[in-house]
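Please read the structure below before turning to the comments.
The values are calculated or read from the model by the stated rules, or taken from the named source; none is laboratory data. It should be emphasised that the depicted structure is a prediction, and the values quoted were computed from it without experimental measurement. Here Cβ is always computed from backbone atoms with ideal geometry, including for glycine, and neighbour counts include all displayed protein chains.
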Amino acid sequence: MQVNIIGYEPSRELEWLDIHASVMVDSAAWWIVLHRKPGYPQPIVDLIATVDDKIVGFIVIEISPEIISEINPAGFVWEFGVHRDYRGHDIGKMLINKAHKIMNREHEVNKSIWYSQDARAQSYYRKLRMKEIGRHWQFSLKPGKDLKKVLKEDGFDCWNLRGSCSIEDFARAKINFDVIEDNETLKPRICIGFEYIK
Ligand SMILES: CC(C)(COP(=O)(O)OP(=O)(O)OC[C@H]1O[C@@H](n2cnc3c(N)ncnc32)[C@H](O)[C@@H]1OP(=O)(O)O)[C@@H](O)C(=O)NCCC(=O)NCCS
């Protein structure tokens, strides 16, 4: 199988969104659907993997974004996946290697930061010998009557809220809030951060 790792072109947006949606189906990493390819304030490394000119994988890394201001200079991985029919052929590794080559060459950055709440992705990152840098809970909750009322006073009818807390605080959050547990997409998961240096 001939795999090419090349730069993403905006003319392929719909094809990119299709494969992204398909990868989302079997990973807990995402809880929202993308309808447009997101833009980013900082420079990005934006690559796709193709087989027979069809997109089968993608990676998007933003260089030194605000979200990891205390870690920068580093690349933050926003999007990464390989279509299930093409997994196990080193395509994920090829995407990471090429992205790091470009980060080093064009941005003098040798570190990437990966966060995922998907257990299989976490085991993949460990397999690639990435180092854990932190973990937290991510979850959604139904606002209580009082909070709903406060928000409604300002014109916002709130259905649910999404956020995170430290591992230690989660027990308290479950007591204090109506955490949504019975929804496969939104249920609480531990999100683990990793760093990769190359
Ligand atoms: C994670 C993902 C990108 C891996 O892609 P891939 O192209 O199949 O991975 P590779 O072929 O590069 O695998 C490299 C090595 O990791 C191993 N591996 C693959 N998936 C693994 C997993 N879940 N856990 C542990 N090891 C894994 C492979 O066996 C291979 O090992 P080897 O070098 O000893 O042969 C792919 O499974 C995927 O798209 N998952 C869903 C999307 C997702 O969760 N993305 C991360 C969002 S944060």
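SER123 versus (1) over 19 Å from the mean Cα position of the chain (by Cα); (2) without any contact (Cβ under 8 Å) to a residue 12 or more places away in the chain: which is the lone unmet condition?
Status for SER123: all satisfied but (1).
Considering each residue of the stretch 109-132, count those that are surrounded by 14 or more Cβ atoms within 10 Å (Cβ to Cβ) and under 18 Å from GLU70 (Cβ atoms), and give that number.
Qualifying residue count, the stretch 109-132: 7.
Identify all residues within the stretch 36-54 that are farther than 22 Å from PHE76 by Cβ and either among the aromatic types (Phe, Trp, Tyr) or in a strand (DSSP E or B) (or both); write none if there are none.
Across the stretch 36-54, the qualifying residues are THR50, VAL51, LYS54.
Report those helices (runs of 4 or more DSSP H) wholly inside the stretch 105-185 carrying at least 3 residues which are in the same structural domain as TRP30 (by TED's automatic domain parsing) and within 16 Å of the ligand (Cβ to nearest atom).
Passing ranges, in order: 119-127.
Which one is farthest from the ligand (Cβ to nearest atom), of the residues in the stretch 67-104 that are over 29 Å from PHE139 (Cα atoms) and acidic (Asp, Glu)? Don't jump to the end; show me each part of the working.
We begin by selecting, within the stretch 67-104, every residue over 29 Å from PHE139 (Cα atoms); these are 85-86, 88-91, 93-95, 97-104.
With the extra rule that they be acidic (Asp, Glu), the set shrinks to 85, 90.
Values: ASP85: 10, ASP90: 4 Å.
Only one residue tops the list, namely ASP85.
Counting only residues that are in contact with a Leu (Cβ under 8 Å, 6 or more places away or on another chain) and over 20 Å from GLU132 (Cα atoms), which one in the stretch 174-198 is surrounded by the fewest Cβ atoms within 10 Å (Cβ to Cβ)?
Among residues in the stretch 174-198 that are in contact with a Leu (Cβ under 8 Å, 6 or more places away or on another chain) and over 20 Å from GLU132 (Cα atoms), the one surrounded by the fewest Cβ atoms within 10 Å (Cβ to Cβ) is ASP178.
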